[in-house]
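Contents: one structure, followed by commentary.
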Amino acid sequence: MITDLWLTRHGESIGNVAATAAERDGLDVIALEERDADVPLSITGAEQARAFGSWLGENGARIGTAWVSPYLRAQQTLSLAMDESGMALVPLTDERLRDRELGVLDLLTRRGVERLHPGEAERRARLGKYYHRPPGGESWVDVRLRLRSFLADALPAADGGGLVVAHDAVVMLIVSLLTAMNESELLEFAAANTVLNASVTHVRRGGTGWELVAFSDVSHLRQEGADVTVHPGSPDVQPE
């Protein structure tokens, strides 16, 4: 049974760069040709992934099983990190770790949502981030449901330590599930904390349940001289 779980967000992607530029320039739509599943890492993201590999090289002995999102940016992050670390671990791809699906809000900035889908913006404001499901997309509750399924399968199936490489929302919601956060606690925590690119979050199973040991740690990136991308990664309006 898993006793320690490390959660890593992928390195900076070209989607992160495009989303930041679109928000900065006041655009409605993020300029990105790839579908979400095929968005690759940026040059900086690849550097971050290799720096994460140095962390893996130092901590990999504690990790017996690794799971990764099927999305390209997560796959590249783990692949580059494992090459850097020299680990021979064979990761398991699990589609339940994919990024949150945004439906009709895909590739829209905050301004774009309000201008192009004003009714949906009003509905989101009324329902709140936790329960709002954009047409064709997922709410945070929807993502939590599939992550409950993943954790129920993954945690009892392996011993020692586990590693998950995935996305902003996945990291945040796994933490919320393991530490039993309710809606208000999760929203308060998410408002005060950001899951940074290539960061490491650590949760540990104790006698009374899971505890959060470290959240969004990027010390390994600073030590390697890689740029830490402080990207908001909002699961509401842009790719994470």
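Going through Arg9, Arg62, Arg50 one at a time, which residue ends up being open to solvent by 30 Å² or more (accessible area, probe 1.4 Å), touching an Asp or Glu at 6+ places or on another chain (Cβ under 9 Å) and at pLDDT 95 or above?
Arg50
Anything in the stretch 24-83 that is among the charged types (D, E, K, R) and in contact with a strand residue (DSSP E or B) (Cβ under 6 Å, 6 or more places away or on another chain)? List them, or say none.
Residues satisfying the conditions are Arg62, Arg73.
Pairs, please: C-beta under 8 Å, at least 6 apart or cross-chain, first residue at negative phi and hydroxyl-bearing (Ser, Thr, Tyr) and in the stretch 189-200, second assigned to a loop (DSSP other than H, G, I, E, B) and open to solvent by 10 Å² or more (accessible area, probe 1.4 Å)?
Qualifying pairs under 8 Å: Thr194/Val230; Thr194/Pro232.
Restricting to the stretch 57-82, name every residue that is free of Cβ contacts under 8 Å to residues at least 60 places away in the same chain, over 20 Å from Asn16 (Cβ atoms) and within 21 Å of the chain's Cα centre (by Cα).
Asn59, Gly60, Met82
Give the stretch 90-126 a look and list any residue that's part of a helix (DSSP H, G or I), under 27 Å from Leu7 (Cβ atoms) and either open to solvent by 20 Å² or more (accessible area, probe 1.4 Å) or touching a Cys at 6+ places or on another chain (Cβ under 7 Å) (or both), or say none.
Listed by number, the residues that qualify are Glu95, Arg96, Gly103, Arg110, Arg124.
Looking only at the stretch 211-240, which residues are touching a Lys or Arg at 6+ places or on another chain (Cβ under 7 Å) and either at pLDDT 95 or above or more than 20 Å from Ser79 (Cα to Cα) (or both)?
Answer for the stretch 211-240, where residues must be touching a Lys or Arg at 6+ places or on another chain (Cβ under 7 Å) and either at pLDDT 95 or above or more than 20 Å from Ser79 (Cα to Cα) (or both): Glu211, Val213, Pro235, Asp236, Val237.
Listed residues Gly26, Gly45; which is at pLDDT 95 or above, crowded, with 16+ Cβ neighbours inside 10 Å and out of contact with any His (no Cβ under 6 Å at 6 or more places or on another chain)?
Gly45
Among all residue pairs at least 6 apart or on different chains, which show Cβ distances below 9 Å where the first residue, located in the stretch 84-99, is in contact (Cβ under 8 Å) with a residue 12 or more places away in the chain and the second is of a type in the set (Ser, Thr, Tyr) and surrounded by fewer than 18 Cβ atoms within 10 Å (Cβ to Cβ)?
The qualifying pairs are Glu84/Ser54; Ser85/Ser54; Pro91/Ser79; Arg96/Ser149.
State the number of residues belonging to the stretch 32-54 that are touching a Leu at 6+ places or on another chain (Cβ under 9 Å), part of a loop (DSSP other than H, G, I, E, B) and not β-branched (Val, Ile, Thr).
So the count comes out to 3.
Can you name every residue in the stretch 155-207 that is part of a strand (DSSP E or B) and open to solvent by 10 Å² or more (accessible area, probe 1.4 Å)? Explain how you work it out, then say what you get.
We begin by selecting, within the stretch 155-207, every residue part of a strand (DSSP E or B); these are 160-166, 200-206.
Scanning the stretch 155-207 gives Gly160, His202, Arg204, Arg205, Gly206.
The values are calculated or read from the model by the stated rules, or taken from the named source; none is laboratory data. All of these numbers come straight from a predicted model, not from anything done at the bench. Cβ sites come from the backbone with ideal geometry, for glycine too, and all protein chains shown count toward neighbours. Surface accessibility is based on the protein's heavy atoms, side chains included, excluding ligands, DNA and RNA. Shrake-Rupley method; radii C 1.70, N 1.55, O 1.52, S 1.80 Å.
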